[in-house]
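Accompanying notes for the structure given below.
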Amino acid sequence: MSLPPVGSGVHLDINILLVEDVPMIAKIVERMLMNSTHCTYHFEWRGSLAAALDLLRNRDFDTILLDLNLGDSSELVTLTRVLETARGVPVVVLTATDDDEVGLKAVQAGAQDYLVKGQCTAAALDRSIVYSIERSRLQQTLRQLAVLDELTGLYNRRGFNTLNPDILQQVRTGEALGYIACFDLDRFKQINDTHGHASGDAALVEFATLLRNAFRKGGLFARLGGDEFLAMGIETHPGSAPEALASLQQLLAVRNAHGLSPFRLESSAGMLILGHDERRSLDELLAAADNELYRNKEARRATRLAAAPGDGSRSSRP
């Protein structure tokens, strides 16, 4: 949820889960926020950790106001359980425990703020909630930027390394086959040298889009650096990965046939199909796929040379 700054004049609707085991205190908190000038708060109240967790598994909220000491849980255990279930929802602790050490540990554990009952005005609570939501959104954006390639929007190497173990685990324990494929752009240096680096960047962005379109459903797509790309995933049906690879080549052919760009966009690929008995490490799989890519690239180069003018020189076509 992206919120404008307090005082911007934009009225906000905020859905709150209030976790508080004393009904009277829950009513006081609701009354404190009733007169907010820039927010309308919609409350769901739960009086126990178990009830709160059950609701969080089925409903989305903009923020959570959490008392640490409940009938079925206490202190940081309460916070940890909520954070594990809340899936990134910002949590503001509102508790009777006036202890700086507990407050510091709560923030270190992931709480956006730590407020003490009886020491917090309505205006301060209002600001804390709004700022916590916006701060959480910015933190999530920063986390995404750390694993995404800025140019193409695909995952970068860090993002790929974070997510690929899940795919390997699915391959080894599931029913469907998996795949891993390496790609690079043919004559990418020539695009940069002839048409400039802006055209090179445009080629990378365009290829990333075609790659996602070709594989469509699911899959993990990454730009590892330069003109090196990678796709990894689970087949949606037997043979779907080779079909996607063929679809990518068709998309490239259609793109080039239109002649709307000053350069041709072509790619070589190396693909492996992963079975349930696959025990190679990720590095070994990447090396094998890269070797397949190299063989295919050499074959494509030989085909281009054979189609070149009779003197055997390379085609000057970019």
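Computed values, structure above
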{"item": "Charged-residue dipole, Cβ positions (Lys, Arg, Asp, Glu), the chain about Cα centre, Debye nearest 20", "result": "1180"}
{"item": "Estimated [θ] at 222 nm from DSSP helical runs (n ≥ 4, -39500 (n - 2.57)) normalised by residues in the chain, nearest 500", "result": "-16500 deg cm²/dmol"}
{"item": "Cα-based shape type of the range 124-232, given that a ≥ b ≥ c are square roots of the gyration tensor eigenvalues and the cut on a/c is 1.5", "result": "oblate"}
{"item": "Fewest-first ranking of 263, 215, using other Cβ atoms within 10 Å as the exposure measure", "result": "263, 215"}
{"item": "Rounded, prolate or oblate (a/c below 1.5 giving rounded, otherwise prolate when a/b exceeds b/c) for the range 7-55 by Cα gyration tensor", "result": "oblate"}
{"item": "Amide H within-cut-off set for residue 220, under 5 Å, with H built and near neighbours excluded", "result": "232, 233"}
{"item": "Alpha-carbon Rg with Dmax, taken over the range 204-318, Å", "result": "15.8, 50"}
{"item": "Nonlocal Lys pairs with alpha-carbon distance under 27 Å, the chain (8 or more apart, or different chains)", "result": "4"}
{"item": "Net charge dipole size for the range 91-136 [Lys, Arg +1 and Asp, Glu -1 on Cβ; Debye, nearest 20]", "result": "140"}
{"item": "Overall form of the range 12-145 per C-alpha gyration tensor (a/c, 1.5; a/b vs b/c)", "result": "rounded"}
{"item": "Per-residue ³J(HN,Hα) for the range 93-105, Karplus 6.51 cos²θ - 1.76 cosθ + 1.60, θ = phi - 60°, Hz, x for Gly and Pro", "result": "7, 10, 9, 8, 6, 8, 9, 4, 5, 5, x, 5, 5"}
{"item": "³J(HN,Hα), Karplus 6.51/-1.76/1.60, whole Hz, each residue of the range 295-300, x for Gly, Pro", "result": "4, 5, 5, 5, 5, 5"}
{"item": "Principal-axis tilt of helix 240-258 within the chain, Cα atoms, nearest 10 degrees", "result": "70"}
{"item": "For the range 66-79, Karplus couplings with θ = phi - 60° (6.51, -1.76, 1.60), whole Hz, Gly/Pro x", "result": "10, 7, 6, 9, 10, x, 10, 6, 8, 6, 5, 4, 4, 4"}
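Only the coordinates and a few stated rules stand behind these numbers; no lab work does. Keep in mind that what you see is a predicted model, and the values were worked out from it rather than measured. Here Cβ is always computed from backbone atoms with ideal geometry, including for glycine, and neighbour counts include all displayed protein chains.
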